[in-house]
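Colleague: Pasting a structure here, questions to come.
The values are calculated or read from the model by the stated rules, or taken from the named source; none is laboratory data. Bear in mind the structure is a predicted one, so any value in this text is a computation, not a measurement. Counting neighbours? That spans all protein chains shown, and the Cβs are built from the backbone with ideal geometry, glycine included. The protein model used for the area step is the full one, side chains on, heavy atoms only, and it has no ligands, DNA or RNA in it. Shrake-Rupley method; radii C 1.70, N 1.55, O 1.52, S 1.80 Å.
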There are 2 protein chains.
Amino acid sequence: MNIGAAARQSGLPAKTIRYYEEIGLLRADRAANGYRDYSTEDIHRLRFVQRARSLGFSVEECRQLLSLYSDRDRASADVKAIAQEKLGEIDRKIAELTGLRHMLGHLVSSCHGDDRPDCPIIDGLAGKVTH
Amino acid sequence: MNIGAAARQSGLPAKTIRYYEEIGLLRADRAANGYRDYSTEDIHRLRFVQRARSLGFSVEECRQLLSLYSDRDRASADVKAIAQEKLGEIDRKIAELTGLRHMLGHLVSSCHGDDRPDCPIIDGLAGKVTH
DNA sequence: GTTGACCTTCCATCGACTGGAAGCCCCACA
DNA sequence: TGTGGGGCTTCCAGTCGATGGAAGGTCAAC
């Protein structure tokens with residue numbers, strides 16, 4: 001299967017698949033004409049990576065997960081540890097964004113937003129505390 | 001004031017201040033010896049940018065905000081529009097992360113996490129639906 | 001034989017820094 | 001007056017995860 005079909009089946013752009021190959025995340029056989037050639041197992045791996053990336057795992061974590069994916073004897077605890085670490089990161093990010101949301105929301109709601117120049121948002125950013 | 005002191009007072013690393021100057025976000029006078037020289041107004045602008053960045057505004061948005069900051073006659077509505085757009089982005093990010101959190105949390109909690117090899121997290125990433 | 005889609009490699013770019021090298025400058029202390 | 005150390009300068013490279021584009025080879029249909 002050529003890279004275009006692999007891209008359609010995995011949900012990853014062809015460019016990205018080549019990039020993953022370049023950084024050694026996934027490699028592909030080559031047909032006689034030099035084209036990359038993907039097996040159904042390759043497609044599974046591509047989809048696996050696509051899902052893991054979309055769940056917020058970094059490329060390096062995908063590398064780890066792929067090797068755990070391929071290792072039929074690894075303990076599920078090894079996988080769970082990575083996923084839990086990632087869960088913690090996601091929670092931290094959500095908390096951070098929620099904090100931002102409160103601060104910015106406060107500034108926005110205190111700004112009358114008309115054609116007058118005084119603006120609590122600018123004042124807030126400038127360090128003048130507004131209540 | 002030299003860049004080191006400006007860095008301490010603004011909370012931005014000196015490297016970052018130089019970078020901001022390089023991209024034309026903020027510029028600085030030069031002393032006779034070629035050192036950058038910051039006034040208190042420069043420090044205000046640096047702190048302004050530092051706060052805006054930490055609230056999730058991009059550098060380009062900081063550029064806009066800075067010009068609104070400097071324009072004593074602009075309408076507060078102009079500022080509010082930018083801030084509201086950013087608020088929407090933050091909300092979308094939070095929603096996305098919350099979705100991820102649910103999915104990954106589901107996978108993690110369904111994995112027994114011991115030394116046996118079967119693992120719903122890997123199965124989930126591999127596309128095998130687990131309930 | 002000639003389109004046009006698809007494939008290849010290679011190089012550049014994005015955002016927002018960050019690290020490091022090489023070389024001035026300045027001040028305190030001996 | 002010399003020396004040491006810290007701070008400053010510029011410039012170049014690297015980060016992460018792609019993405020865009022150029023130049024050129026391949027393939028299948030008409």
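Colleague: Pop the C-beta distance of A:SER109 and B:THR98 into the FRET formula with R0 = 22 Å and round what comes out to the nearest 0.05.
Modeller: Working: r = 22 Å, r/R0 = 1.01.
Efficiency computed from Cβ-Cβ geometry: 0.50.
Colleague: Could you grab the relative contact order for chain B? Cα pairs under 8 Å, six or more apart, rounded to a whole percent. Please report the intermediate quantities before stating the final value.
Modeller: Values: 80 pairs, mean separation 19.6, N = 131.
In percent, rounded to a whole number, it is 15.
Colleague: Show the residues, 5+ positions off or on another chain, whose built amide H is closer than 5 Å to the amide H of A:ASP37.
Modeller: Long-range HN contacts for A:ASP37: A:ASP29, A:ARG30, A:ALA31.
Colleague: Give me the accessible area buried between chains B and A, both sides summed, with a 1.4 Å probe, in Å² rounded to the nearest 100.
Modeller: Working: alone 9320 and 9330 Å², together 14510 Å².
About 4100 Å² of accessible surface is lost on pairing.
Colleague: Under the Karplus relation 6.51 cos²θ - 1.76 cosθ + 1.60, θ = phi - 60°, what is the ordered set of whole-Hz ³J(HN,Hα) values for the stretch A:7-21, x standing for Gly and Pro?
Modeller: Calculated HN-Hα couplings, in order: 4, 4, 6, 9, x, 9, x, 4, 4, 5, 4, 4, 4, 4, 5 Hz.
Colleague: Pop the C-beta distance of B:HIS44 and B:GLU89 into the FRET formula with R0 = 22 Å and round what comes out to the nearest 0.05. Mind showing how you got there, number by number?
Modeller: Values: r = 26 Å, r/R0 = 1.19.
Plugging the Cβ-Cβ distance into 1/(1 + (r/R0)^6) gives 0.25.
Colleague: Within the set of other residues whose C-beta is less than 10 Å from the C-beta of A:TYR38, count the net charge using Lys and Arg as +1 and Asp and Glu as -1. The partial results should precede the final answer.
Modeller: Values: positive: A:ARG36, A:ARG45; negative: A:ASP29, A:ASP37, A:GLU41, A:ASP42.
Net of charged neighbours comes to -2.
Colleague: Determine the shape class of the stretch B:36-88: with a ≥ b ≥ c the square roots of the Cα gyration tensor eigenvalues, call it rounded for a/c under 1.5, and otherwise prolate if a/b is greater than b/c, oblate otherwise. Please report the intermediate quantities before stating the final value.
Modeller: Details: a/c = 2.87, a/b = 1.45, b/c = 1.97.
Oblate, because a/c is 1.5 or more while a/b does not exceed b/c.
Colleague: Report, to the nearest whole %, how much of the accessible area of the protein assembly as shown belongs to carbon and sulfur atoms, 1.4 Å probe, protein only. Before the final figure, lay out each step's value.
Modeller: On the way: 7200 of 14510 Å².
C and S atoms contribute 50 percent here.
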